[in-house]
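Since the structure comes first, as structure tokens, the remarks are kept for the end.
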Amino acid sequence: QVYVVESGGGRVQAGGSLRLSCAASGRTSSSYDMGWFRQAPGKEREFVAGISKSGPTTWYADSVKGRFTISRDNAKNTVYLQMNSLKPEDTAVYYCAADPSVYARTAVRSYMYWGQGTQVTVSS
């Protein structure tokens, strides 16, 4: 089992940047594919970005391609989400998720372990 904790959320103006971190504990994070999801008020949780166990493979939602970058440092058991050119519509609670084998899937049900989330607010 792995436990994940998100950090780095906050409030930023449109066009700004934030970097979210997801720290994993328990079984080493290198055993898991990792993903970031987000959920805005009144909306369903949606996929944002994913990364394979060793990191060479990444996949993104169309809405964040070219603006967000997912990366991982397995030595630190940490996954990052660099968010640039933020828009008000990026406002949401951002969740980190882990699963032994995702194979680039984007569905919420594909991920077994979840963090509690971190709030990101982008003002116009």
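Among the residues of segment 18-35 satisfying the criterion of being under 17 Å from V122 (Cβ atoms) and under 11 Å from the mean Cα position of the chain (by Cα), which is most open to solvent (accessible area, probe 1.4 Å)?
R19
For residues that are of a type in the set (V, I, T) and over 14 Å from the mean Cα position of the chain (by Cα), tally how many sit in segment 103-124.
2
Just to be sure, is V79 touching a helix residue (DSSP H, G or I) at 6+ places or on another chain (Cβ under 8 Å), over 12 Å from W36 (Cα atoms) and not polar (S, T, N, Q)?
no
May I ask you to verify whether R38 is among the basic types (K, R), in a strand (DSSP E or B), open to solvent by 20 Å² or more (accessible area, probe 1.4 Å) and touching a residue at least 60 places away in the same chain (Cβ under 8 Å)?
No.
Run Y3 past the list (1) of a type in the set (S, T, Y); (2) under 29 Å from S123 (Cβ atoms); (3) open to solvent by 60 Å² or more (accessible area, probe 1.4 Å) and report the number of the one that doesn't hold.
Exception for Y3: condition (2).
Residue under question is G15, and the condition is that it be outside any strand (DSSP E or B), open to solvent by 30 Å² or more (accessible area, probe 1.4 Å) and touching a Ser or Thr at 6+ places or on another chain (Cβ under 7 Å); does it hold?
Yes: the conditions hold for G15.
Out of segment 48-83, which residues are open to solvent by 60 Å² or more (accessible area, probe 1.4 Å) and not in a strand (DSSP E or B)?
K53, S54, P56, T57, D62, S63, K65, G66, A75, K76
The values are calculated or read from the model by the stated rules, or taken from the named source; none is laboratory data. Remember, it's a predicted structure, so these values are computed and weren't measured experimentally. Note: ideal-geometry Cβ built from the backbone for every residue, glycine included; neighbour counts use all protein chains shown. Ligands, DNA and RNA are stripped out before the accessible areas are found, and what is left, the full protein with its side chains, is counted by its heavy atoms. Shrake-Rupley method; radii C 1.70, N 1.55, O 1.52, S 1.80 Å.
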